[in-house]
Amino acid sequence: MCGIVGAIADRDVVPVLIEGLKRLEYRGYDSSGIAVLHDAGQPDIRRVRRTGRVSEMATAAAAEGFDSVLGIGHTRWATHGGVTEANAHPHISDGVALVHNGIIENHEEQREKLRALGYAFESQTDTEVIAHLMHHHLKGGDSLLGALQRTVKELTGAYALAVISRAEPEHFVCARMGCPLLVGLGEGENFVASDVSAIVSSTRRVIFLEEGDTADVRRDGVQVYGHDDAPVQRDVHLSDVSLASLELGPYRHYMQKEIHEQPRALGDTIEAAIDAGGFPAELFGKDAEAVLSGIEGIQILACGTSYYAGLTARYWIESIAGLPCSVEIASEYRYRAAHANPKHLIVTISQSGETLDTMEALKYAKSLGHTHTLSICNVPESAIPRASELVCYTRAGAEIGVASTKAFTTQLAALFQLTVVLGKLHGHVDAAQEADYLEQLRFLPGSVQHALNMEPQIAAWAERFARKSSALFLGRGLHYPIALEGALKLKEITYIHAEAYPAGELKHGPLALVDEDMPVVVIAPNDSLLEKVKSNMQEVRARGGELFVFTDQDSNFNESEGVHVIRTPRHAGVLSPVVHTIPVQLLAYHTALARGTDVDKPRNLAKSVTVE
Ligand code: G6P
């Protein structure tokens with residue numbers, strides 16, 4: 001987490017830095033700051049930092065008349081040190097200023113060393129040691145680039161760094177290890193950023209720095225150096241992120257926009273299968289057939305909402321593809337003495353492609369002997385797909401709201417396609433079934449659109465939820481992970497305590513919580529488990545609990561006292577979990593509106609979690 005932006009140009013770069021930081025706020029929004037070169041005869045560095053949102057810092061920068069052709073900026077998600085102005089970046093050590101994303105693990109050791117050299121520390125951050133190390137090497141005679149290259153070799157941990165110095169006002173330098181960083185190439189101006197959205201108003205031509213790279217960025221050119229400090233050529237990519245896709249448009253919040261974009265996002269994600277008239281293995285890359293036909297099982301690794309997509313996929317993979325499938329939270333797997341079976345495919349699921357726990361779990365799986373890996377990811381060229389053998393990009397488009405919505409449903413669509421591909425290759429799906437699954441997939445965007453049309457009814461329920469302090473979500477089978485996702489959405493953006501249980505587990509503990517103040521949301525589609533779920537609902541009613549039930553158009557189920565029902569469209573078969581995700585997203589969104597919380601930037605969270 002934390003977002004970085006830097007720019008050198010012939011124009012004032014302060015608006016570029018501010019706009020970039022606003023676009024990077026999804027990475028953290030505890031505090032922000034910029035440092036710019038101020039050249040009134042004698043070059044110096046000016047800095048402004050504020051806790052709170054970028055807009056507050058921008059107001060302060062404007063009030064102080066910031067204006068410069070060279071600068072760096074940062075938006076922070078606090079790790080080392082609380083949310084204070086002193087801990088906000090950039091950090092300065094006598095004429096050198098830097099911004100950092102990541103965690104320096106040996107910061108205490110470095111701090112002791114630097115204290116012994118006479119450096120005093122003003123913050124509690126791990127980052128300040130980098131500023132002083134840079135200063136120490138500059139004082140020893142290094143150039144700015146040389147000091148950076150020497151400094152990063154003394155660091156253990158993860159970093160993306162951008163550094164300016166008043167002694168070398170004609171350029172800035174940057175480095176990357178374990179955290180994303182790209183260089184943007186403009187006309188007579190160049191940039192650095194954590195992701196392309198930050199600089200897309202200025203350029204879409206980018207170089208993705210690789211692990212261990214450093215770069216020297218000047219107005220008229222950029223030189224990248226590899227981990228051995230030798231100059232290297234890196235490919236220039238033309239990003240397809242458009243400015244329009246990052247704008248809010250007519251919506252109140254990005255989350256609302258992203259919920260409503262789901263029919264389009266799903267349509268894009270399934271387009272290749274629809275165009276192919278089936279599920280060729282090539283949907284997962286040209287080597288996919290050889291890899292996928294040889295595997296004997298699946299191990300899914302992911303965090304947060306992406307983990308719930310994995311839990312849903314397990315039902316599909318076991319029942320449709322006939323393969324064993326385990327799903328594990330990445331941060332647990334990476335510290336477990338897992339039994340590796342090299343015939344099992346490691347599938348990582350990550351919206352951002354940079355979640356540290358997922359990345360480390362992937363590396364750990366490889367170290368255990370797994371050779372076959374597949375990444376399902378929404379961000380092209382991000383770290384996890386780059387470290388994977390096979391890749392499937394969901395085509396949700398940029399997701400900006402911290403609570404994941406369209407990324408989740410498109411992950412489900414990708415995982416369903418993977419299931420059918422595996423089923424075909426392993427002889428569990430014949431041509432007729434393949435055609436049937438394709439037909440179901442073809443209807444999916446339309447069914448999701450119908451589900452979105454229920455928004456007014458769900459908004460009415462949300463008014464009642466807004467007054468509650470806890471909620472239970474129940475589901476069974478394929479819809480248990482959707483109950484989990486519903487509870488997660490509600491707690492993330494409304495701060496209402498919510499828990500999800502498989503409905504059959506209610507009687508083994510959580511039923512003790514049920515009373516008239518505890519709303520119980522039930523995902524109860526018209527599938528083979530509906531009768532079982534109905535019995536579980538009776539257990540709730542008998543204890544005075546109020547039920548809010550999402551069911552299908554065609555299920556034999558009616559409202560009664562204490563039982564409120566909203567019907568999604570016709571039962572969507574095996575893809576029903578995708579359709580049933582929409583109402584729980586809308587319930588969380590409208591409850592958050594009613595409670596007046598910050599929907600897109602919930603407290604304490606960040607979208608992209610690049611720390612442990
Ligand atoms: C954060 C986000 C969640 C997301 C999780 C995993 O916690 O707030 O919305 O599900 O990270 O992120 P990933 O990018 O790996 O899917």
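The values are calculated or read from the model by the stated rules, or taken from the named source; none is laboratory data. What you see is a predicted model; the values in this text were computed from it and never measured. As a convention, Cβ positions derive from the backbone with ideal geometry for all residues, glycine included, and neighbour counts pool all protein chains shown.
Looking at Gly146, is it under 26 Å from His227 (Cα atoms), small (Gly, Ala, Ser) and more than 33 Å from the chain's Cα centre (by Cα)? Yes; evaluated as a whole, the condition is true for this residue.
Here is a check on your reading of the model: is His580 modelled with pLDDT of 90 or more and over 22 Å from Arg595 (Cα atoms)? In short, yes. Every condition in (1) more than 10 Å from the ligand (Cβ to nearest atom); (2) more than 24 Å from Ala198 (Cβ to Cβ) is met by Ala387 except one, and the failing one is (2). Leu441 passes every criterion in (1) part of a helix (DSSP H, G or I); (2) in contact (Cβ under 8 Å) with a residue 24 or more places away in the chain; (3) within 30 Å of Pro602 (Cα to Cα) apart from (3).
Per-residue answers, yes or no, for (1) surrounded by 18 or more Cβ atoms within 10 Å (Cβ to Cβ); (2) β-branched (Val, Ile, Thr); (3) in contact with a helix residue (DSSP H, G or I) (Cβ under 9 Å, 6 or more places away or on another chain):
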| position | (1), (2), (3) |
| --- | --- |
| Phe172 | yes, no, yes |
| Ala198 | yes, no, yes |
| Ser201 | no, no, yes |
| Ile207 | yes, yes, no |
| Arg218 | no, no, no |
| Val222 | yes, yes, no |
| Ala230 | no, no, no |
| Asp235 | no, no, no |
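Against the list (1) without any contact (Cβ under 8 Å) to a residue 24 or more places away in the chain; (2) away from the ligand (no atom under 16 Å from the Cβ), the condition Glu332 fails is (2). Beta carbons closer than 7 Å, at least 6 apart along the sequence or on distinct chains, pair a first residue in region 390-408 that is of a type in the set (Lys, Arg) with a second that is not in a loop (DSSP other than H, G, I, E, B) for Arg395/Ala265; Arg395/Asp268; Arg395/Thr269; Arg395/Thr410; Lys406/Glu258; Lys406/Gln262; Lys406/Ala265. For region 262-282, a tally of residues being buried (at least 19 other Cβ atoms within 10 Å of the Cβ) and either of a type in the set (A, V, I, L, M) or within 16 Å of the ligand (Cβ to nearest atom) (or both) returns 7. Here Thr371 passes the criteria (1) more than 15 Å from the ligand (Cβ to nearest atom); (2) over 30 Å from Pro502 (Cα atoms); (3) part of a helix (DSSP H, G or I) except the one numbered (3). Just one of the listed residues (Ala244, Ala302, Ala272, Ala290) is of a type in the set (A, V, I, L, M, F, W, C), free of Cβ contacts under 8 Å to residues at least 24 places away in the same chain and closer than 28 Å to Thr610 by Cβ, namely Ala244. Within region 285-296, if we keep just the residues that are modelled with pLDDT of 95 or more and within 28 Å of the chain's Cα centre (by Cα), the residue that is surrounded by the fewest Cβ atoms within 10 Å (Cβ to Cβ) turns out to be Val291.
Residues in region 65-100 that are under 19 Å from Val13 (Cα atoms) and of a type in the set (Ser, Thr, Tyr): Ser68, Thr75. Summed over region 20-52, the residues that are over 18 Å from His91 (Cα atoms) and either in contact (Cβ under 8 Å) with a residue 12 or more places away in the chain or in contact with a helix residue (DSSP H, G or I) (Cβ under 8 Å, 6 or more places away or on another chain) (or both) give a count of 8. State yes or no: is Glu332 farther than 23 Å from Thr394 by Cβ, modelled with pLDDT of 95 or more and part of a helix (DSSP H, G or I)? Yes, satisfied. Considered as a group, the residues in region 349-368 that are outside any loop (DSSP other than H, G, I, E, B) and more than 10 Å from the ligand (Cβ to nearest atom) include one that is nearest to Thr269 (Cα to Cα), and that residue is Leu362.
Could we say that Glu261 is under 17 Å from Thr419 (Cβ atoms), at pLDDT 95 or above and of a type outside the set (Phe, Trp, Tyr) here? Here the answer is no, as Glu261 does not meet what is asked.
Taken as a whole, the condition of being within 16 Å of the ligand (Cβ to nearest atom) and farther than 27 Å from Gly353 by Cβ does not apply to Thr591.
Each residue in region 194-230 was checked for being in a strand (DSSP E or B), touching a strand residue (DSSP E or B) at 6+ places or on another chain (Cβ under 6 Å) and more than 18 Å from Gly397 (Cβ to Cβ), and 12 pass. Report whether or not Gly226 is of a type in the set (Gly, Ala, Ser) and on the phi > 0 side of the Ramachandran plot. No; evaluated as a whole, the condition is false for this residue. Here the condition is being within 24 Å of Val196 (Cα to Cα), touching a helix residue (DSSP H, G or I) at 6+ places or on another chain (Cβ under 6 Å) and either away from the ligand (no atom under 16 Å from the Cβ) or not basic (Lys, Arg) (or both); of Ala413, Ala403, it holds for Ala403 alone.
Among the conditions (1) surrounded by fewer than 18 Cβ atoms within 10 Å (Cβ to Cβ); (2) within 10 Å of the ligand (Cβ to nearest atom), the only one that Val379 does not satisfy is (1).
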